[in-house]
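Step one of this worksheet: look at the structure below.
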Amino acid sequence: MIERQLWHPVVLADEVAAAPVAVRLLGENLVLWRDEAAAVHAWADRCPHRGAQLSLGRVVACDGRAALECPYHGWRFEPDGRCIQVPALPDFVPPATHRAMAHAAVEAQGLVWVRLESVGQGDAALPAFEAESDAGMRKISCGPYDVETSAPRLVENFLDMAHFGFVHEGWLGAREMAVIDDYRVEATPDGLRATGCKAWQPQSTAHSTAPAQVEYGYEVTAPYAAMLTKVPEASSVGIDGYRESIALRICPVDAERSRVWFRFATSDFERDAASVRAFQDTIFLQDKPVLESQAPKRLPLDLRAELHTVADKASSLYRRHLKMRGITFGVC
Ligand code: FES
Ligand code: CO
């Protein structure tokens, strides 16, 4: 399964502190924990001894190093996964084969990312988000939001402007202003890019002070990841040169269950983070019931399964891209 070779976000980095944390990715239970150097580790959440959940255990100090202690018989595992102590047998030196199943984990963009499988040289990179390294933009994480649908349905919703006037009426659109002008869409090595997408919005961002014509640019940067940039008319936000980018971050928990975050980047350093989060919460909670009502929850890759118009050309290209990449999780 190619999805196992991709990096996926699993939790906000701040949420992994002294205690181990249980998460689920691509139908597998994982435990995350931090060692004495604050590095994050992601292992299968199953003790290799008798299968107990390691996330019920604790992080302990063992000869000056951090180790994860199993809740059942207290076996201790060092950061690379190897078992270093079996309390029932103080003189026993566990062989190298006594180890927890460790996966690759990194911290980036405010999240912990996990890759279940490595292919060596050709390993995929993290989904790009240029704003992350832009010192002129402040970053705020929003979420998590748990949604009963597949990751690809969420990506499509993020790319979709035609729902603004209905799902987000009075916020991102109005039903009498639902027209979608033609826009450009092109394939990229990692997915697709859509540009020149314009919408009239009563309140385009948390910073809006007036309705505005807003230009959107979208990019799918990995099978389950996307970002957008929004350029509202300066007068509508009261700030010259205002810029905003949002990265959609999805953990494909199960084929029909996802956990979502938004990484929000803004050139405005004044507004408080709580109001940005409250706005994002409002918008996403409007999307959620509609997303959860879609049937099937897995995204149909056969283009004949649902109807398409020219306004949907970004999502049609996305479906072709997933098919071409050989994606099987969360699609049908
Ligand atoms: Fe983990 Fe026995 S099940 S130590
Ligand atoms: Co929406």
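Tabulated values for the structure
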| quantity | calculated |
| --- | --- |
| Members of the stretch 168-197 found to be of a type in the set (Val, Ile, Thr) and crowded, with 16+ Cβ neighbours inside 10 Å, listed by number | ILE180, VAL185 |
| GLU28 open to solvent by less than 70 Å² (accessible area, probe 1.4 Å) and more than 26 Å from the chain's Cα centre (by Cα) | no |
| Given (1) open to solvent by 60 Å² or more (accessible area, probe 1.4 Å); (2) at pLDDT below 85, number of the condition HIS207 does not satisfy | (1) |
| Number of positions in the stretch 46-103 that are β-branched (Val, Ile, Thr) and either farther than 19 Å from ALA19 by Cβ or open to solvent by 50 Å² or more (accessible area, probe 1.4 Å) (or both) | 4 |
| Conditions (1) exposed (fewer than 14 other Cβ atoms within 10 Å of the Cβ); (2) of a type in the set (Gly, Ala, Ser); (3) free of Cβ contacts under 8 Å to residues at least 24 places away in the same chain; number of the one not met by GLY165 | (1) |
| Tabulated pairs, the stretch 52-69, first over 13 Å from ALA38 (Cα atoms), second near ligand 1 (Cβ under 10 Å from one of its atoms) and among the hydroxyl-bearing types (Ser, Thr, Tyr), C-beta under 6 angstrom, 6+ apart or interchain | ALA52/TYR72 |
| Of all residues in the stretch 248-267 being open to solvent by less than 10 Å² (accessible area, probe 1.4 Å) and closer than 15 Å to HIS207 by Cβ, the one that is modelled with the lowest pLDDT | THR266 |
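The values are calculated or read from the model by the stated rules, or taken from the named source; none is laboratory data. This is a predicted model, so every value here is computed, not measured. Cβ atoms come from the backbone with ideal geometry, glycine included; neighbour counts cover every protein chain shown. To get the accessible areas, we keep the full protein, side chains included, count just its heavy atoms, and leave off ligands, DNA and RNA. Shrake-Rupley method; radii C 1.70, N 1.55, O 1.52, S 1.80 Å.
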